[in-house]
1. Between helix 236-250 and the chain, what is the angle of the helix's C-alpha long axis to the longest principal axis, kept within 0 to 90° and rounded to the nearest 10?
2. Plugging the Kirkwood radius over Cα pairs into Stokes-Einstein for region 36-111, at a temperature of 10 °C and a viscosity of 1.306 mPa s, what D comes out in µm²/s?
3. Report the dimensions of region 256-343 along its three principal axes from the alpha-carbon atoms, largest first, rounded to Å.
4. Can you tell me what share of the DSSP beta bridges in region 21-107 is antiparallel? A percent to the nearest 5 is fine.
5. Let me check I have the definition right: for region 128-250, take the eigenvalues of the Cα gyration tensor, multiply each by 5, take square roots. What are those semi-axes in whole Å, largest first?
6. Of the residues 157, 377, 211, which exhibits the maximal mean-square fluctuation in a Gaussian network model of the chain defined by a 10 Å Cα contact cut-off?
7. Mind checking the angle between helix 290-305 and the chain's longest principal axis? C-alpha axes, 0 to 90 degrees, to the nearest 10.
8. Under Stokes-Einstein, with the Kirkwood radius over Cα pairs standing in for Rh, what whole-number D in µm²/s applies to the chain at 37 °C and 0.692 mPa s?
């Protein structure tokens, strides 16, 4: 009995010792808050997941806990969108911010956050230049729109000639700004890669690599993963990159496409198997997605151009609200095969293609094999050539 007691006591001490290991303590002060509820959150599957909550007292709050490794968390305020991103690790962390400028929060105490702060500092010239270019672009667009409106009302040839010249000058200026913006984007990408190389053993660098690699092709993803070393290489962020590599390898051209069997707007279900023998052009979209809606008129034109040919146009909605999808299909009189994914972005087909952003277009051949996992959009002239080549095989 005595031995049993000693053993239990030893186990209790052991677990107490484990429990008393390093922890994080996040202390915050957000000026402009009163007694609102504050959440500690992180992102999983593109959604905020609340981990803890507390009521602020005159904008002050505290969270305590333990993490296995440094990770990106967020401070969120009840009723407000977005939040303050920061790296949490087992150390005292302090956050100060203004409620109207939470993205400009000052964060100290986290080594990985220090790395992220240094990155933000490095990116400042690009951020400022981006703001400047956006302002110039919008000014040129406003001037162009104004000139177009004036042209509609103009009566004299001289006035019309002058306005047409102004419109052309504005269009040229906008095009030049776009080129400069894309050029700046390339330079920013190069600067980010260089920063990751210099800090490649930190988990913050792994998080940057994960963020930067979204949307990359296989080669780019592999290069990004190979930049990382040490604990960065084994972090959750490196694992996410590895997952995307595995996904892209599974959806290379010539491989059988992942399948689906989803609810059809017209009733019943439609499977990919049922479309075998046809070329299949798939649009993954949602009613709330502006760029998706922008492609709809172009998609309708493509559908009309290929009417009667051996091709099926399939639109898969990832809307969580099925009623919103049904209303838009009906209101816009959308053609093709209109389907609704059962679990939105968590649907098997969507996950199998590694889709994190929409719209996404996919082209399959008559055997259900992948022609292009990220096919041209309907608004892209390259689509016609690709469809014609696939239909001819």
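1. 40 degrees
2. Translational D for this selection: 124 µm²/s.
3. Cα extents, longest axis first: 32, 28, 22 Å.
4. Bridges in region 21-107 are about 75 percent antiparallel.
5. 48, 14, 10
6. Evaluated over the chain, the most mobile residue of the options is 157.
7. With both axes taken from Cα atoms, the answer is about 40 degrees.
8. It diffuses with D of about 130 µm²/s by this estimate.
Here, each number is a calculation from the coordinates, and none is a lab measurement. Bear in mind the structure is a predicted one, so any value in this text is a computation, not a measurement.
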